[in-house]
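The values are calculated or read from the model by the stated rules, or taken from the named source; none is laboratory data. What you see is a predicted model; the values in this text were computed from it and never measured. Cβ coordinates were reconstructed from backbone atoms using ideal geometry, including for glycine residues, and neighbour counts include every protein chain displayed.
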Amino acid sequence: MQNIGAVQGYEWLGLDAFAAQKERHAEIQACVPHTVDCIEQWIRSQATAVDYLLIPKAAPPKADCCAAARESLRESSDFRVVYDGPGATVGAVIGPESQTDPVLVGAGDVAACDSAGAASTAALVASIPGTVFTLGDNAYETGTAEEFAACYDPTWGRFKDRTRPTAGNHDYFSDGATPYFEYFGEVAGNPNEGWYSYDVATWHVVVLNSDCGSAGGCGPGSRQLTWLAADLAASNAPCTVAMWHHPLFTSGSELPAPATADLWRVLYASGADLILNGHDHDYERFAPMAPNGTLDEARGLREFVVGTGGRNLLPWRSLPAPGTQVRDNTTFGVLKLTLHPNSYDWQFIPVVDGGFTDSGTGTCH
């Protein structure tokens, strides 16, 4: 069992780990005068699952620091009190913080046999329950059956039974991305298309094919855009996330992909919420945007570029693009999305303890 609320012992794990834990400890201490809701919000921001919450009791004549938190713990439907005696009240997590809300976790630009990055990010994914997504370029360099077997399968292939993949341009370096479709099977969609959708609780998830030349186009009149409009019209889900490989907005090493603008327009018109992309080997989070690149807090889609699955990291092509809120190209990692009925939490989890991370919460349209 690990105590993630204390500082003691972390000094032996290195300066980065110690500094990160001191910051976490300070965040918990800020919750002391508040109800347990403050601690629940902090738990949501952590990559580590929390099973128990201990709230101390001070013996007289010392002042009681935590009466509000302890009383609200007893009344909370998210905790079950398992001990309430001298010294502390302990609650077991039974509500949303025990991961009853579904999770999507993944990244793009994943596995190459000459890089240990995919093994490192796979170790993160192994500790996070939920549906695994990929954002294209699954097996380098050319998406052959041999590369899927030797590079992808020993790492991210461990989660094949819970993976919903996306195709990328390196997958199509093998004719028709045939090894990609053969490896993942029917969950990857029709091999002549590469797009599909599915539902997770109250969320609709759309996987698209941004290798537009191979997919028969992404613009007006294309089968993919026609399918997308019909798929979204048929969905009653209050929240929608779409994913494909090439980003429309990016300041990474690759140029933006204007061929995907019509995908954006249809998703925007339908009231979708999130777009996930890879291709650029970095992490970049954007503010809610309209398809024309302007900020739109009311109806805009938030784009995440998560090309940090393990192949390599690349330099920035330019200054931050319009709408960029956070970006990093120093660490491999995965994006974890916790899907609530009408909102979502995001967290970028790095492979290096104490490395760059990013987290926040958004609401659905």
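Tabulated values for the structure
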read-out: Selection status of residue 330, at pLDDT 95 or above, buried (at least 19 other Cβ atoms within 10 Å of the Cβ) and either among the β-branched types (Val, Ile, Thr) or at negative phi (or both); value: no
read-out: Cβ pairs under 6 Å, 6+ apart, first in the range 152-165 and more than 16 Å from residue 103 (Cα to Cα) and in the same structural domain as residue 138 (by TED's automatic domain parsing), second assigned to a helix (DSSP H, G or I) and not β-branched (Val, Ile, Thr); value: 155/118; 155/119; 155/122; 156/122
read-out: Lone unmet requirement of (1) of a type in the set (Val, Ile, Thr); (2) surrounded by 23 or more Cβ atoms within 10 Å (Cβ to Cβ); (3) without any contact (Cβ under 8 Å) to a residue 40 or more places away in the chain for residue 294; value: (2)
read-out: Among the candidates 142, 166, 89, residue that is among the hydroxyl-bearing types (Ser, Thr, Tyr), in a loop (DSSP other than H, G, I, E, B) and touching a Leu at 6+ places or on another chain (Cβ under 9 Å); value: 166
read-out: Residues satisfying the stated conditions in the range 93-108, i.e. modelled with pLDDT of 85 or more and in a strand (DSSP E or B); value: 103, 104, 105, 106, 107
read-out: Failed item in (1) assigned to a loop (DSSP other than H, G, I, E, B); (2) in contact with a strand residue (DSSP E or B) (Cβ under 8 Å, 6 or more places away or on another chain), with residue 264 passing the rest; value: (1)
read-out: Residue in the range 128-140 that is in the same structural domain as residue 353 (by TED's automatic domain parsing), of a type in the set (Ser, Thr, Tyr) and either surrounded by fewer than 16 Cβ atoms within 10 Å (Cβ to Cβ) or over 22 Å from residue 345 (Cα atoms) (or both) present; value: yes
read-out: Residue check for residue 73: at pLDDT 80 or above, in a helix (DSSP H, G or I) and under 24 Å from the mean Cα position of the chain (by Cα); value: no
read-out: Condition check for residue 67: modelled with pLDDT of 80 or more, over 32 Å from the mean Cα position of the chain (by Cα) and among the small types (Gly, Ala, Ser); value: yes
read-out: Residue in the range 334-346 that is in a loop (DSSP other than H, G, I, E, B) and within 20 Å of residue 122 (Cβ to Cβ) present; value: no
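For every residue, the table says whether it meets (1) touching a helix residue (DSSP H, G or I) at 6+ places or on another chain (Cβ under 7 Å); (2) of a type outside the set (Gly, Ala, Ser); (3) not assigned by TED's automatic domain parsing to the domain that holds residue 43.
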position: 291; (1), (2), (3): yes, yes, yes
position: 296; (1), (2), (3): no, yes, yes
position: 303; (1), (2), (3): no, yes, yes
position: 318; (1), (2), (3): no, no, yes
position: 323; (1), (2), (3): no, no, yes
position: 335; (1), (2), (3): no, yes, yes
position: 341; (1), (2), (3): no, yes, yes
position: 353; (1), (2), (3): yes, yes, yes
position: 357; (1), (2), (3): no, yes, yes
